[in-house]
Amino acid sequence: MKTNKFISLAIATAVLAIFAASCGVLGGNGEVKYITSLKGYDRTIDNDKKFVMIEFMTPSSTPCKMIAPNISVITDEMKDKLVVATVNMDDPYVAEEKLAKRCRVEETPCMILYQNGLEVGRNVGYMTKEELRVWLGKYIK
């Protein structure tokens, strides 16, 4: 009986993940979202209530590994004013080439800040938590 409940829960979780992926965005509510399509990207940056920071990253990059915990802390601190989303440039299932070209991303980590769908700021490279706060603070009051 427990095995059947476990299998049912696993299937329900998998179906939910597939549905979320088909929408192009995974995550939310103070979490870092994961963008998996151009449609998801457009839907994420078109936010009229909060700023949106998109992080273009590669998991094998040392600076990307180092900045990830800082972004996580900032996401939690600023969840009322900021939506954070990530594009994994190494994920073969992500439309990363089109996104990177469209956003003019040549290096990672690259953080692009949007307000009402328009780019208002950009930073390339590693930042400490404090540097990230200062950079975002120039735009988000």
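Readers should treat all values here as calculations from the given coordinates under stated rules, not as data from a laboratory. The structure presented is a predicted model; accordingly, all values stated were derived computationally and were not measured. Please note: Cβ atoms are built from the backbone with ideal geometry, for glycine as well, and neighbour counts cover all protein chains shown.
Under 24 Å of direct C-alpha separation, and excluding same-chain neighbours fewer than eight residues apart, LYS79 reaches these lysines: LYS33, LYS39, LYS49, LYS50, LYS65, LYS129, LYS138, LYS141.
Under the combined filter of DSSP loop state and at most 15 neighbouring Cβ atoms within 10 Å, the stretch 100-134 retains these trypsin sites (Lys or Arg not before Pro): ARG104.
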